[in-house]
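Read the structure below first, then the notes.
The values are calculated or read from the model by the stated rules, or taken from the named source; none is laboratory data. Fair warning: this is a prediction, and the values are worked out from it, not measured in the lab. We place every Cβ from the backbone using ideal geometry, glycine too, and count neighbours over all the protein chains shown.
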Amino acid sequence: MFRFFETLVNPYPAGEPQVPPRGLLPFILHFSRPVLPLLIAMSLVTALVSAAEVLFFSYMGELVDWLADAEREGFFAEYGWRLAGMAALVVIGLPLLTLLQSLLTHQSIFGNYPMLGRWLAHRHMLRQSLAFYQDEFAGRVSQKVMQTALAIRETVMKLMDLLVYVLVYFAGAMLLMGQAEPWLMAPLGAWLAGYVAIMGVFVPRLRRVSMDQADARARMTGRIVDSYSNIQTIKLFADTRREQDYARDAMERFMVTVHRQMRLATKLTLSLTLLNSLLLAAVAATAIGAWYLEAVTLGAIAVAIALVMRIRFMSNWILWEVAGLFENIGTVQDGINTIARPPAVLDAPDARALSVPRGEIRCEALRFGYGLATGEARPVFDGLDLTIAPGERVGLIGRSGAGKSTLANLLLRFYDLQGGRILIDGQDIAGVTQESLRRRIGMVTQDTSLLHRSVRDNIRYGSPGASEADIRRAMRQAHADAFIAELVDAQGRRGLDARVGERGVKLSGGQRQRIAIARVLLKNAPILVLDEATSALDSEVEAAIQEQLYALMAGKTVIAIAHRLSTIAMLDRLVVIDAGRIVETGRHDELLARDGLYAALWRRQSGGFLGLECDGEAEAALSAPVSGP
């Protein structure tokens with residue numbers, strides 16, 4: 001039975017993820033459609049449960065009148081079947097309705113509903129551009145996804161519960177009191193007016209403070225996660241006090257919203273208690289007066305007092321549910337600002353899969369700049385042209401900031417161009433799917449980041465169908481097999497099964513880079529991009545891996561970026577970029593003979609780095625003896 005209700009909703013629907021709408025109701029509906037039929041069924045059952053409880057109060061009033069008027073000898077003969085009906089409602093009907101309500105609520109909706117929201121939001125966030133994550137805390141984004149999904153569930157379920165209970169209970173109470181004595185409806189009507197006034201005063205304030213609190217909570221979480229993610233840097237610079245102050249600043253801002261919320265809560269509680277006390281006193285006084293005038297029976301008084309006590313209890317619950325409703329609405333609205341943003345880089349509507357039979361790359365009149373679209377920066381490239389022949393191995397050279405890595409990012413379409421186009425075998429990369437484009441390109445970056453999974457999963461990432469033999473061959477080619485065999489994680493898993501820690505923190509930079517190289521070797525894509533692929537390796541390991549990389553380059557189109565010119569001097573062609581322009585191109589010996597920028601960089605290079613432009617005065621300062629203690 002449990003399993004049946006648990007599987008009524010599929011929390012992981014297939015299909016292409018869609019950008020959520022920015023309006024509050026459309027946004028909630030976007031994440032609620034698969035659950036709507038069950039939410040309606042839950043509301044109907046809840047209405048039946050509420051009606052049964054109101055009917056029970058009516059029966060209790062009748063029972064009081066029966067006991068007051070009937071003779072003991074003939075009581076069961078006259079009222080036996082009515083008592084049996086009341087017993088069946090209480091013992092059988094109400095538990096069965098409650099069981100069905102609980103199965104729908106807890107088995108079908110409670111767990112599946114937020115998981116559905118997390119699944120849809122997470123799939124959409126995975127499609128966000130690289131620039132989006134460069135401007136956000138990862139912890140803040142994950143917090144928004146998690147808490148917004150819960151807030152959607154709470155918003156919808158609270159709203160439906162409130163509507164059902166208010167309509168059924170209040171309408172039932174008014175009906176029962178009006179039947180007994182119309183004057184009993186007057187205190188209830190006055191109480192309703194006061195209740196609506198209290199809600200009108202406090203709920204908007206709670207909503208505003210809840211939105212501020214949701215943003216402050218996400219900011220606080222983001223700062224804490226940022227500290228944990230960069231714990232090595234924090235310890236390296238021995239600056240934990242600054243991190244404490246950084247986190248405390250966010251915590252104090254969060255506490256400001258908590259104090260505002262709790263002050264409103266105290267005022268709200270006091271106002272509601274006073275209103276409910278007045279309702280109880282007014283109904284009791286009206287009922288006693290009507291009894292004194294022989295206008296109502298004792299049963300009607302019992303029903304009126306019981307209903308008031310029930311409404312008194314429910315009014316606290318309803319008001320806090322309304323406050324919670326708007327708190328969750330505030331959380332949802334805050335989440336909309338992050339989750340409902342469309343990706344900056346999208347596939348064209350008619351995008352097709354990229355085919356790479358040859359591997360020619362052609363850049364035509366490239367225009368691009370970070371923030372160029374908003375007029376906040378100068379272009380990195382303004383009319384760049386570059387053609388790389390099929391199977392050609394090209395090295396990109398230039399000072400830091402010249403645009404080398406930017407060109408690689410544009411080739412992978414991490415950013416969209418502001419002008420020009422990039423063609424691979426005559427196909428504009430803006431017209432092919434991003435997934436197929438990146439599958440045809442293998443890339444090793446200088447800043448290698450690994451997933452907090454096993455070594456095997458990291459090497460096989462991008463090649464899910466690779467066999468164990470293929471994985472081990474790639475390990476050997478990357479000279480990673482020796483250290484991988486010795487790895488042991490905290491749970492005792494060894495070798496390929498060992499976890500590498502968040503971003504690969506348990507491994508050295510050279511070990512991470514060798515795993516990344518093994519991953520690209522296994523992927524075996526027709527286009528290869530090496531962005532400082534061996535920068536973290538010692539000379540001996542680098543020399544060994546270079547042989548494998550040169551073997552890997554055979555038959556592939558290669559773009560290699562390196563500050564150590566010796567690592568790319570043997571490539572087919574070197575392209576020197578300066579300030580976003582190609583200033584020189586040719587083979588190593590040709591560029592040296594030309595005695596231009598490349599030759600100057602080659603002569604100036606010390607320790608394998610570029611960009612150190614020392615004039616005579618600076619060189620003298622560097623060579624001067626150090627004085628002082």
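Evaluate the following for Leu549: is it crowded, with 21+ Cβ neighbours inside 10 Å, over 24 Å from Lys404 (Cα atoms) and at pLDDT below 85? Let's see the steps before the verdict.
Numbers: crowded, with 21+ Cβ neighbours inside 10 Å: yes; over 24 Å from Lys404 (Cα atoms): no; at pLDDT below 85: yes.
No: the conditions fail for Leu549.
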> Counting only residues that are assigned to a helix (DSSP H, G or I) and among the hydrophobic types (A, V, I, L, M, F, W, C), how many does region 323-373 have?
Replying inline: 9
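Out of all the residues in region 106-117, which are surrounded by fewer than 19 Cβ atoms within 10 Å (Cβ to Cβ) and not small (Gly, Ala, Ser)? Give the derivation first.
Just the residues of region 106-117 that are surrounded by fewer than 19 Cβ atoms within 10 Å (Cβ to Cβ), to begin with: 106, 110-111, 115.
Within region 106-117, His106, Phe110, Met115 qualify.
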> Restricting the first residue to region 254-281 and requiring it to be in a helix (DSSP H, G or I), which pairs with a second residue that is of a type in the set (Ser, Thr, Tyr) meet a Cβ separation below 6 Å and a spacing of at least six or different chains?
Replying inline: Asn276/Ser315
> Regarding Met199, is this residue touching a residue at least 12 places away in the same chain (Cβ under 8 Å), among the aliphatic types (A, V, I, L, M), within 19 Å of Lys144 (Cβ to Cβ) and in a helix (DSSP H, G or I)?
Replying inline: no
>> If Ala490 satisfies all but one of (1) of a type in the set (A, V, I, L, M); (2) modelled with pLDDT of 85 or more; (3) outside any helix (DSSP H, G or I); (4) surrounded by fewer than 17 Cβ atoms within 10 Å (Cβ to Cβ), what's the number of the condition it fails?
In response: (2)
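Could you go through region 412-420 and let me know if any residue there is in a loop (DSSP other than H, G, I, E, B), farther than 25 Å from Leu549 by Cβ and without any contact (Cβ under 8 Å) to a residue 12 or more places away in the chain. Write out each step before concluding.
Just the residues of region 412-420 that are in a loop (DSSP other than H, G, I, E, B), to begin with: 412-418.
If we keep only those that are farther than 25 Å from Leu549 by Cβ too, we end up with 415-418.
Next cut, without any contact (Cβ under 8 Å) to a residue 12 or more places away in the chain only: none.
No: zero hits.
Conditions (1) acidic (Asp, Glu); (2) more than 20 Å from Ala323 (Cα to Cα), marked per residue:
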residue	(1), (2)
Asp212	yes, no
Gly222	no, yes
Ser227	no, yes
Lys235	no, yes
Arg241	no, yes
Glu252	yes, yes
Val258	no, no
Thr266	no, no
Leu270	no, no
> Only one of Leu264, Leu270, Leu188, Leu184 is modelled with pLDDT of 75 or more, more than 30 Å from Asp135 (Cβ to Cβ) and surrounded by 13 or more Cβ atoms within 10 Å (Cβ to Cβ); which?
Replying inline: Leu264
> Out of all the residues in region 282-304, is one or more aromatic (Phe, Trp, Tyr), in contact with a helix residue (DSSP H, G or I) (Cβ under 8 Å, 6 or more places away or on another chain) and modelled with pLDDT under 75?
Replying inline: yes
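Check every one of the helices (runs of 4 or more DSSP H) wholly within region 112-173 and list those with 1 or more residues that are among the acidic types (Asp, Glu).
The helices (runs of 4 or more DSSP H) meeting that bar are 138-165.
Of all residues in region 324-383, which are β-branched (Val, Ile, Thr), out of contact with any helix residue (DSSP H, G or I) (no Cβ under 9 Å at 6 or more places or on another chain) and at pLDDT 80 or above?
Applying the first criterion (β-branched (Val, Ile, Thr)) to region 324-383 yields 329, 331-332, 336, 338-339, 345, 356, 361, 374, 380.
Then drop every residue that is not out of contact with any helix residue (DSSP H, G or I) (no Cβ under 9 Å at 6 or more places or on another chain), which leaves 356, 374.
If the condition is that a residue be β-branched (Val, Ile, Thr), out of contact with any helix residue (DSSP H, G or I) (no Cβ under 9 Å at 6 or more places or on another chain) and at pLDDT 80 or above, then Val356 is the only one that fits.
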>> Can you pull out every residue in region 551-598 that is touching a Gly at 6+ places or on another chain (Cβ under 8 Å), free of Cβ contacts under 8 Å to residues at least 12 places away in the same chain and not in a helix (DSSP H, G or I)?
In response: none
> From the set of residues in region 436-471 that are touching a Leu at 6+ places or on another chain (Cβ under 9 Å) and free of Cβ contacts under 8 Å to residues at least 24 places away in the same chain, which is surrounded by the most Cβ atoms within 10 Å (Cβ to Cβ)?
Replying inline: Asp457
>> With the structure loaded, tell me whether Arg564 is modelled with pLDDT under 85 and in contact with an Asp or Glu (Cβ under 9 Å, 6 or more places away or on another chain) or whether it fails that test.
In response: yes
